[in-house]
Amino acid sequence: MGLFKEFKEFAIKGNMIDMAVGIIIGTAFNKVVDVLVKQVVLPPLSMLTDGINFADRRIILREGIDAAQEGAVEVKEIAIGYGALVEALLDFVIIGFTIFLVVKFMNSFRRKAQDPKDKTVETPKEIQLLSDLTDLMQEQNELLKNRKSN
């Protein structure tokens, strides 16, 4: 019964919903990056490399034999598909760089929101209260220093 109660609290607090939204957005983002790499980045790169299609690039270890040939037993080709690795690495670099930019933007916005002196963005109440408390403590310390020195 305790496990069900913990799960209910977890779901109600929104953690599960936040995680589901993150997974859905991540999946959609992956599709966008996949199209970006395959349809936008790789064609010019292929043109620069004299029409090489990276998805088809591979090192053939053993040639395949087609069963349609006379008396041949069908043998599948064995190859290392390094072109798919190049595409995956490009995906990784683009995704990593994009996430870096998003996190950098969010951190700058968070710093701006947490700065109680910046009046262009509304500061959360907790941060404002802590800032006010810090200011009051500094004033009190100054008053105590002045008393001791007199």
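The values are calculated or read from the model by the stated rules, or taken from the named source; none is laboratory data. Nothing here was measured: the structure is a model prediction, and the numbers come from that model. Just so you know, the surface numbers come from the protein's heavy atoms only, side chains and all, with ligands and any DNA or RNA stripped out. Shrake-Rupley method; radii C 1.70, N 1.55, O 1.52, S 1.80 Å.
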Over all alpha-carbon pairs of the chain, lay out the pair-distance distribution in 5 Å bins, whole %, shortest bin first. 2, 7, 7, 8, 8, 9, 9, 9, 7, 7, 6, 5, 4, 3, 2, 2, 1, 1, 0, 0, 0, 0, 0
At 1.4 Å probe radius, can you tell me the per residue accessible area of segment 1-102 in Å²? 80 Å²
Compute the long axis of helix 2-12 from its Cα atoms, compare it with the longest principal axis of the Cα atoms of the chain, and write down the angle in degrees, 0 to 90, nearest 10. 90 degrees
Could you name the lysines in cross-link range of LYS5, using Cα to Cα under 24 Å and dropping any fewer than eight places away on the same chain? LYS13
Only Cα pairs within less than 10 Å get springs; with that Gaussian network setup on the chain, which residue of GLN138, GLN128, GLN39 has the largest fluctuation? GLN138
Relative contact order of the chain, please, whole-number percent, based on alpha carbon pairs below 8 angstrom and at least 6 residues apart. 13 percent
